[in-house]
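Inspection log for the structure reproduced underneath, given as structure tokens.
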Amino acid sequence: MFKKQKLLLVCLLAIAFVHNAVAQSAMDSTLLREYNTRIAAVEKSYNAIKTKIAGEFPKIDKQFFPLADAAFSFAKNDNFTPDKKVIYTNTLLRFINIIYDNATDAEMANGKLNDGFKYFILLAEWDNKNVLEQNIRLYRKFTLGYASLIPDDKICEQFIVDYARENPDEVLRNAWQFGKRNFAMQVIDSIVIAAPDLAKKYLTSDNEVSYNIVRSKSPVSKYLLSVYRTYGLRSKAYLLAYNVLKNEFSMDAADSIGDNNLLLFKTLIKNMKQPDAFGKHSVYQVLENFSIEQVRKANDISQNQTGYAVAEYFKAYSSEEIFSVMLYGHKELSLQGLTNILGAIKRIIYSPFNNNFIASIQPNKLKQFLAYIEKNERLDVVLQMIDGKSLNYMYQLMSQPILPSLEPDFSIADSADIQALFKSRLPEAGLSVSIERTPKTTPDKDPVPQAVTKEVESVEVVSIPVKADTVSTLEAEVDIEETTVVPVSLRLSEREKNLLLLKKDLASSLKEIPKFINENYAEELLIYAAKQAPDEIFKRFDTYKSKFFAVKILEAAGKASPTSLKRYLYSSSHPIFLLLETSTDSIIKKIMKMPSQVSYPSKAYILTDAILKHKLTPSQADNICNSPQCMFKELVQIAKQKDYIGRYSVEYGLTDFSLRFLREINDNIALNEPEPFRIVENFTQEEIYFLMVFGREEVVTGSFNGLFSRLKTKMQSENFVQLLQDINDSHFRTFISMCASYNKLSEILTGLNEPQRDSLFVKFVHLTKDENNNDGAEIAETLNSIKDRDLLTIIHSRIKAEYLRAEQDSNNIVLALYSVLASLVDGHAVVENSWFNMLSKQIKLPAVSLLPNKNLMEENQDCIEQMYFYNDVDGRESFVNFLNTFKVLPTWQTEDKGSYVIVRSVEGNKVEIYANKPEYESNGQDAIAEYFKANNLYPIVVIHRGHSFHTASTLQNVDERVKLLLVGSCGGFYKLSNAIDNAPDAHIIATKQIGTKTVNDPILLSLNELIRTGRNIVWKDFWEQMRQKIGSNPHFADYVPPHQNLKSLFSRAYFSLLGV
């Protein structure tokens, strides 16, 4: 009986299960039909809009409709759930409607909108895999331009709200992308609260912003509308919504206050301290504009009067208001102006600035200001004015990296067969790469080598007379001549080639770490970068933080630059601090403990080596750093060691002090001071040596001779080899090169016996794989200055021996260095003539004898130039001279753009020279950069003017598109390494000694006249013409033209030989 009941129960359950399954299947079928019906309706509307687009736009990019169709096919992919298909197809319908309503004829014709369909595929895949939110934050600016394609409303709203906090102007400009979505009014209301001055501009026309403001119930939006209807756009009452809505005063009073700039400034500073204040984004811009005006006046007063006069100028201001002027206007602040404004604050400040005031300051502006005062050695003065709570906040702010906003990588969505791609799913590997890495900004496809496309320049053949002592080799040479010459072919492994390519332009490579972070050479490259550019390694921590080797990279950067690591040691919650706490490296563990002994403002971290080796206490190191001379001496004691902690920090410090000391010496010589070298009279021979090699770019004939004479006196009975032993050969090639250049090489060799001399130059020529083309270029430059036949015999013999060693070891990188050296020796060899001649035929050096006019003209036949000026005496005088040079010519005209000028040709080829005004140093350069970006321009010609201190700042802006570079600063020739690597095809003019406007401007004018009149620049002829014009100028002889620039020539040949 029981068995029958059990069987019956099982049957009933089975029947019920089947019934439910059938019912569920019927329900699913009904839902599926409903979804398909909805998708079909969307597709019908989608096709209708496409028809309208085809009929109304006169010219449409040929890929637009294939991409639109393919994207829609992809949205219906069967791998998506039905509800996702509905969402994705509606998303595309929304997007194409927006295109129809808003796109211009130009946008439809140039294919700019095609990227939207490509981006859709990534967005859909990210959404389907629940990684949409984190990925669109990688590509913030790009995503904002296609916000209508974000399929999830909640994620889209949060993304736009977050973006608006940072850049409301961008969000308003792109409101057409989201203006019809449900959340649009809340977003625009929030922007009106933060940035009323931006929002009011949209009230003058019908658009998505004004549409939402007019319909808003927000009190702030209503106030904005009321001010606009009452006073128009010009009123500043928009900025005082907080006060009016709090009933502090009326709208009429707000309008009146807005007419008084000082009263408005004071009111806004007070408002900003309120946590619920309105309009902060707009207010910060007003504060900056007002502050810049006041800073310029303070600079003018500081030039001619005392600090007391500056304090009198600010007597109507509170200490917080003066501090705000200094902070918001710091980009225009001179060093003397900074000193005087700090003095004005000290006169009236009674208690430290509290957290309420510091927290009211725009964080990015505060961060920029802290970097500025740290650079100008005033950080400790400012930090003494801040209370303890605010100090912690400032330390954290200084250690925060800047996160880039890049464009997504469409390489996985680019295909000749668009339909096939979009109808299938994206490859899992392609998708995972997009999720895990920051996108690339350039396509994967390798460019065609320029050697294939550019015209071959003529190479001048110089015949060398045969000397009597080479007759014995003549027969062999004849035999070689008749032999077929086979070009040298040096092949690198793919790994070696990629590493060399990335090291070649390290600054650019570090901006694109995500491109190579998953490659097998990533760790090696980042370890290398940690030693060469530790600041960048710390800033870009987020791009490699998930890698197993991340802590090793941080350890290498920290040991190379404790001064850079310091920024992250006072914020115990910073990810870099947290990761380094897990380090087992003994040196890093000791550095991590230093904050308990050394305060943040202290410069003692530069002496970390001496502190950790117990040669100095932290307190002693801190005191030493208060004296430039004492600090320099201590840095020399560290740098003379073979291995030491903080090499990057120490060498950076040595360079900075050396340039400053040499600048003072050169000024003293120019002014005929009675004791021009007094600053170094108590220096040891080692300290004078380091001063010369690290200050090379400021060394001129007078300062070199004086320092060299003192060095010899200090050495007394010690010879040069003994000095090098004491300093572990630090930078000895640079010193030998300098001595050769100033014809002092024979004097440093005095006292050396023959084995010592031979050994020295064998070591001078010996290069390893760890060294680079700059070391080879140093040797080449030195060879050009040596006339002693015995020395040349040693060096030339060693070049051949080292070449054969590298050949035997199959070390192609080192082989390339010696191949180029040997080819440069050819024609001047004192031994092995036939061998050097043969190798020279196998390695064709790239010619730089001609710069064709067409290479300087962009596609639209414009030659765009940018000139960098800096706000010092030299910069201001050079700027005036530059303008006067062109103003007197009828073929050129000048347009003043406020912070910069444009000098344009009015006849012949179109040439435009963009030059920032020195007093608008940063703002002018930024304004030019923005103009170039907005108009898709870039400079073909770059010119640097001013002190050598600023040379590196200019050269970091040089990229591979630059074809002509003029470095007009003192010793600019010795700063060219990075520029040569970044712009390998650039023709470069620079000086080894004093740069002067009396040489720079005639060269600049003559070059531009050739460009304007469409003539090619033949360097040998051009330089001879300049010699006839300004050859009597004693400084002209120190300028090096492109066809004589061995450093540039060496670098070109080296990388060309290796196929990089």
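The values are calculated or read from the model by the stated rules, or taken from the named source; none is laboratory data. It should be emphasised that the depicted structure is a prediction, and the values quoted were computed from it without experimental measurement. Glycine gets a Cβ as well: all are built from the backbone with ideal geometry, and neighbour counts include every protein chain shown.
Annotations for the structure displayed:
- Pick from the range 578-614, criterion within 15 Å of R567 (Cα to Cα) and of a type in the set (V, I, T), ranking: nearest to the chain's Cα centre (by Cα): I606
- Candidates in the range 724-752 are the residues that are part of a loop (DSSP other than H, G, I, E, B) and of a type in the set (D, E, K, R); of these, the one that is nearest to V693 (Cα to Cα) is D729.
- Helices (runs of 4 or more DSSP H) within the range 784-896 that include 1 or more residues of a type in the set (A, V, I, L, M), over 26 Å from N743 (Cα atoms) and over 30 Å from the mean Cα position of the chain (by Cα): 789-808, 812-825, 833-842
- Members of the range 194-222 found to be in contact with a helix residue (DSSP H, G or I) (Cβ under 9 Å, 6 or more places away or on another chain) and of a type in the set (S, T, N, Q), listed by number: T204, N207, S210, N212, S216, S218, S221
- Flag if I864 is within 30 Å of L1049 (Cβ to Cβ) and modelled with pLDDT of 90 or more: yes
- Total residues in the range 624-634 satisfying the condition of being without any contact (Cβ under 8 Å) to a residue 24 or more places away in the chain and surrounded by 15 or more Cβ atoms within 10 Å (Cβ to Cβ): the figure is 2.
- Contact annotation: residue pairs with Cβ atoms under 7 Å, 6 or more positions apart or on different chains, pairing a residue in the range 571-594 that is within 24 Å of K389 (Cβ to Cβ) and without any contact (Cβ under 8 Å) to a residue 24 or more places away in the chain with a partner that is of a type in the set (S, T, Y) and not in a loop (DSSP other than H, G, I, E, B), are F577/Y568.
- Restricting the range 486-517 to residues that are exposed (fewer than 12 other Cβ atoms within 10 Å of the Cβ) and of a type outside the set (S, T, Y), the residue that is modelled with the lowest pLDDT is V486.
- Residue within the range 120-130 that is surrounded by fewer than 19 Cβ atoms within 10 Å (Cβ to Cβ) and either at pLDDT below 85 or charged (D, E, K, R) (or both) present: yes
- Odd one out for A952 among (1) of a type in the set (G, A, S); (2) at pLDDT 85 or above; (3) in contact with a Lys or Arg (Cβ under 7 Å, 6 or more places away or on another chain): (2)
- Pick from the range 367-383, criterion surrounded by fewer than 18 Cβ atoms within 10 Å (Cβ to Cβ) and within 29 Å of D276 (Cα to Cα), ranking: farthest from the chain's Cα centre (by Cα): K367
- Selection within the range 833-852 - at pLDDT 85 or above and surrounded by fewer than 18 Cβ atoms within 10 Å (Cβ to Cβ): P852
- If you go through the range 1011-1042 and pick out every residue that is within 23 Å of N855 (Cα to Cα) and part of a loop (DSSP other than H, G, I, E, B), you end up with 5.
- Within the range 231-241, considering residues that are surrounded by fewer than 23 Cβ atoms within 10 Å (Cβ to Cβ) and touching an Asp or Glu at 6+ places or on another chain (Cβ under 8 Å), the one farthest from P168 (Cα to Cα): Y231
- If you filter the range 278-308 down to residues that are in a loop (DSSP other than H, G, I, E, B) and in contact with a helix residue (DSSP H, G or I) (Cβ under 7 Å, 6 or more places away or on another chain), you find that the one that is modelled with the highest pLDDT is G279.
- Counted residues, the range 875-911 - those being buried (at least 20 other Cβ atoms within 10 Å of the Cβ) and of a type outside the set (F, W, Y): 6
- Enumeration of residues in the range 94-119 that are aliphatic (A, V, I, L, M) and touching a residue at least 24 places away in the same chain (Cβ under 8 Å): I96, I98, I99, A103, M108, A109, L113
- Filter result for F683 (in contact with a Leu (Cβ under 8 Å, 6 or more places away or on another chain), outside any loop (DSSP other than H, G, I, E, B) and not assigned by TED's automatic domain parsing to the domain that holds M592): no
- Scan of the range 370-380 for residues that are modelled with pLDDT under 85 and within 17 Å of I322 (Cβ to Cβ), ordered by number: R378
- Every residue from the range 311-349 that is β-branched (V, I, T) and either at pLDDT below 90 or surrounded by fewer than 22 Cβ atoms within 10 Å (Cβ to Cβ) (or both): T339, I348, I349
- Residues (of a type in the set (A, V, I, L, M, F, W, C) and assigned to a helix (DSSP H, G or I)) located in the range 906-933: A927, I928, A929, F932
- Residue check, R663 within 24 Å of F720 (Cβ to Cβ) and buried (at least 17 other Cβ atoms within 10 Å of the Cβ): no
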